Amino acid sequence: MDVALRLAREAAAAGEVPVGAVVVDADGRILAGAANRTEIDADPTAHAELLAIRAACAARGEPRLPDCDLYVTLEPCAMCATAIAFARIRRLYYGAFDPKGGGVDHGPRLYEHSTLHHRPEVYGGIREAACAALLKDFFAARREG
């Protein structure tokens, strides 16, 4: 989660919503990491989770990551939660809860649907205070500026 937080801070410095994500293999090696790039790339799908999953799949030359875990600083939205399921991510660890835009423990609660083919193990609230403070500070600064 430390690497994901560092990536989130880099995103904030670039004017992006501060979210970072890291894909880790079964041996604990980081395969890929990314930060939000929606503004920079002018792409609404350029969320940290999607970018990290794409990079990890490209590095392995495989469309699925069944022995990998994803660490992300914010509860994934429904789009990212779906991509996590499609990528067959083994475990999802996330930091701050997202009551407004989350798709895992809030909103559509995607992994509770019986029609979903894959459900990762989910662990929320990892380094929650640090992850939430980063987001809170980012949006407070934007309101002031």
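Summed over the stretch 68-83, residues that are buried (at least 23 other Cβ atoms within 10 Å of the Cβ) and either part of a strand (DSSP E or B) or touching a residue at least 40 places away in the same chain (Cβ under 8 Å) (or both) total 7. For the stretch 123-144, state whether one or more residues are more than 22 Å from R6 (Cα to Cα), within 16 Å of the chain's Cα centre (by Cα) and not basic (K, R). There is no residue in the stretch 123-144 that is more than 22 Å from R6 (Cα to Cα), within 16 Å of the chain's Cα centre (by Cα) and not basic (K, R). Scanning the stretch 8-47 for residues that are out of contact with any Leu (no Cβ under 7 Å at 6 or more places or on another chain), open to solvent by less than 20 Å² (accessible area, probe 1.4 Å) and in a helix (DSSP H, G or I) yields a count of 1. Scoring D105 on the criteria (1) more than 12 Å from the chain's Cα centre (by Cα); (2) crowded, with 17+ Cβ neighbours inside 10 Å; (3) under 17 Å from G20 (Cα atoms) leaves a single failure, condition (3).
In the stretch 117-145, the qualifying residues are those that are within 23 Å of V24 (Cα to Cα) and assigned to a loop (DSSP other than H, G, I, E, B), and the one that is most open to solvent (accessible area, probe 1.4 Å) is H117.
The values are calculated or read from the model by the stated rules, or taken from the named source; none is laboratory data. From a predicted model like this one, the values you see are computed outputs, not experimental measurements. Every residue, glycine among them, receives a Cβ derived from its backbone with ideal geometry; neighbour counts consider all protein chains shown. Protein only, heavy atoms only, side chains kept; ligands, DNA and RNA dropped before computing areas. Shrake-Rupley method; radii C 1.70, N 1.55, O 1.52, S 1.80 Å.
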